[in-house]
Ligand SMILES: [Zn+2]
């Protein structure tokens, strides 16, 4: 009654805006904590079909005594939790409309109940956190161009698997971009044809620098490759079979590193049918003798120049514009079993979907 009366008074005085501080959401600032109230431990934050909305959901309320929920939000730069609003106990979702440039938020959901005439809340510190992103764009780089790394001209027992890394990675890249789009993320592809394709890409250096630079403003950069061995005794008939993920300077820790690991796992699970070794993950420094060893499992690696910058030009360029990114070696195309697998379009489709799913899960996107 009080706030209704106050609002009416404010409108009457023509000063409604100055009275917003007394609206019900803020009047609960001193709401006491009631430790007997249920704690929402695992809320989820997923993107809606709109770029600028994050949907927070939580488990159905089994405690009929909870009157309503309070949804709290914190951006990456915030020190404290902000109140977004109350929702009734008959629902378990809240749609947060985002404005501004921030893409990454954390959420908590508190249970609210009236005890002795006073609204009480569950413990904020004990409540679980959901992480949500909005407006995520992923730069997809199908490695190489033209007829790079193909065995078309090789004469050998494996001639029945004519393979081109540039061509198969282009197919994989296009499928990955489509799959990302189906999750309502925004893919940016560095080439869409046999040449380096994309506008502004300098073909002179294979487009390596300009491809990485195209990722400017993106949330993540993924360069798609298949591997070869330095010294081939029998050309295109090697037995090495494992996935490597090279993480650039911005993807070696925290959540970006988690995503690097998930991509390595996703690719390995698909290539398993060819006999690919497990993916142990864990950040290791690239070492010719150790990581290249076919008896060692695949992992996430970093490889630097002497000056400390990324060894791979395309990863270095992505890092130069602040984009975390990885280069994925989808095992070895010099292995005939792997090559046979990668030549099947349906397998590239599975790989693309698995990688898109890993990215989508990471950012909290749902397929629609
Ligand atoms: Zn390559």
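The values are calculated or read from the model by the stated rules, or taken from the named source; none is laboratory data. Bear in mind that the values here come from a model prediction, so they are computed numbers and not experimental data. Cβ coordinates were reconstructed from backbone atoms using ideal geometry, including for glycine residues, and neighbour counts include every protein chain displayed.
Residues of segment 316-342 that are more than 16 Å from the ligand (Cβ to nearest atom), more than 30 Å from residue 305 (Cα to Cα) and touching a helix residue (DSSP H, G or I) at 6+ places or on another chain (Cβ under 9 Å): 337, 340, 341. Of the residues making up segment 323-342, those that are modelled with pLDDT of 95 or more and assigned to a loop (DSSP other than H, G, I, E, B) are 323, 324.
Any idea how many residues of segment 197-232 are under 30 Å from residue 103 (Cα atoms) and either within 14 Å of the ligand (Cβ to nearest atom) or at pLDDT below 90 (or both)?
Restricting attention to segment 197-232, the residues satisfying the condition of being under 30 Å from residue 103 (Cα atoms) are 197-201, 207-225.
From the residues that got through so far, the ones that are either within 14 Å of the ligand (Cβ to nearest atom) or at pLDDT below 90 (or both) too are 197-201, 207-211, 222-225.
Result for segment 197-232: 14.
How do the strands (runs of 3 or more DSSP E) wholly within segment 62-148 filter down when requiring 3 or more residues that are surrounded by 20 or more Cβ atoms within 10 Å (Cβ to Cβ): which remain? Spell out the reasoning first.
Values: elements: 68-75, 82-88, 93-97, 104-115, 118-121, 130-133, 137-142.
Fully inside segment 62-148 and qualifying: 68-75, 104-115, 130-133, 137-142.
Quick grid of which residues meet (1) within 20 Å of the chain's Cα centre (by Cα); (2) within 16 Å of the ligand (Cβ to nearest atom):
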position: 98; (1), (2): yes, no
position: 112; (1), (2): no, no
position: 117; (1), (2): no, no
position: 128; (1), (2): no, no
position: 144; (1), (2): no, yes
